[in-house]
Structures are given as structure tokens and as C-alpha cells.
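Contents: one structure, followed by commentary.
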């Protein structure tokens, strides 16, 4: 299991341009994400994320769970089929309950398509990946454009991310985005036409 700790920031396209200029060069990654849940929304009730994402065409299945410290447990395996990936996720230490939930059946509930510009940065005390995302959420037969910046801790103590995030927010007038991509895509899927 990996541990994911990240900060998300709402950012306009112009702000992403400024971040790209300030921190570039970046590597571009085409992302196509499909989120899954049981018919009774058992993953949502547990605040878990189950997704299949194509990253420049490479399929990656991921389960994210909540950890007591506010970060997330992250289990990933390369697979083009979400159900076939479950044994590998369990082998990595994913909660055993995952197998039981999948037996209820899975359905695609929403998604996101975006281009990510990513760069690993050395920061005081650690390393952070800065990601600049532009794309759209999909759900309920609709699409909604979005832009955001993410900073994810890759090495070092949590404080390295906190300090970098504070500096980034102050320098570029960013506000933290409290909702995940899944939450925003699900809200789109649930909204009336």
C-alpha cells in the first residue's frame, strides 16, 4: 500500500499557465478515468474510491481508502479490467471487505477526462509532485469543464507538502479545493438535467 497525501487547489486556466511558466518544464499525461461503485453505493458510504484510469493509454486500477490521519491508502495495479484487478489489490493489503463489496456488482458511476502536466520538485525537506489538470468531468450524460492544481507528497515529512502548499497558495492566490475529482463528477452525475 502506498500512502497518498495531496493538496488540491481551484485554479483558472490563466493561473495554470502561470504555474507552468514558473515551474516548468512538465511532462504531459492524457488521463481518462472511470469511477465504479456498487448499486447501493457501498464505496461512497465508506469514502473509498475505485477507479480504472488510462494514463497515456496504460490501464491502472486503483483503490483509495481513508486513513485516520486524513491521508489516503492507495492500492494500484496495472490492469484493463477492474474486476480482474481485485486480487492484485488485495495482495497489496487492500481491505478484505473489497472482495465482498465487488460481489454485489459494480457499475460505472461517473468519470473524468483531462490532460495532466506533472513535474517532480525538490522542496525543503522532501519532494512534491506538482500537477496541473485541465479537462472535464463526465456523468449523467453531461460534461463539465474543470481546471485545478495538485501538489502530492512523494518523499519527506507531511510538513514539506504543507509548507510548499502554503507558499504556492500565497504566490498564486490559490484556494484549496476540498472536493475530490470523484466527488465533483458524482455531483454532476446526480444533478438534474
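List of remarks:
- Answer residue from the stretch 71-96, given it is free of Cβ contacts under 8 Å to residues at least 60 places away in the same chain and within 25 Å of residue 179 (Cα to Cα) and is surrounded by the most Cβ atoms within 10 Å (Cβ to Cβ) among those: 89
- For residue 35, the stated conditions do not hold, so it cannot be described as buried (at least 18 other Cβ atoms within 10 Å of the Cβ), touching a strand residue (DSSP E or B) at 6+ places or on another chain (Cβ under 9 Å) and over 21 Å from residue 135 (Cα atoms).
- Residue in the stretch 102-109 that is assigned to a strand (DSSP E or B), touching a residue at least 12 places away in the same chain (Cβ under 8 Å) and in contact with a strand residue (DSSP E or B) (Cβ under 6 Å, 6 or more places away or on another chain) present: yes
- The residue that is modelled with the lowest pLDDT, among those in the stretch 153-183 that are buried (at least 18 other Cβ atoms within 10 Å of the Cβ) and in a helix (DSSP H, G or I), is 182.
The values are calculated or read from the model by the stated rules, or taken from the named source; none is laboratory data. Nothing here was measured: the structure is a model prediction, and the numbers come from that model. Cβ: placed from backbone, ideal geometry, glycine included. Neighbour counts: every protein chain shown.
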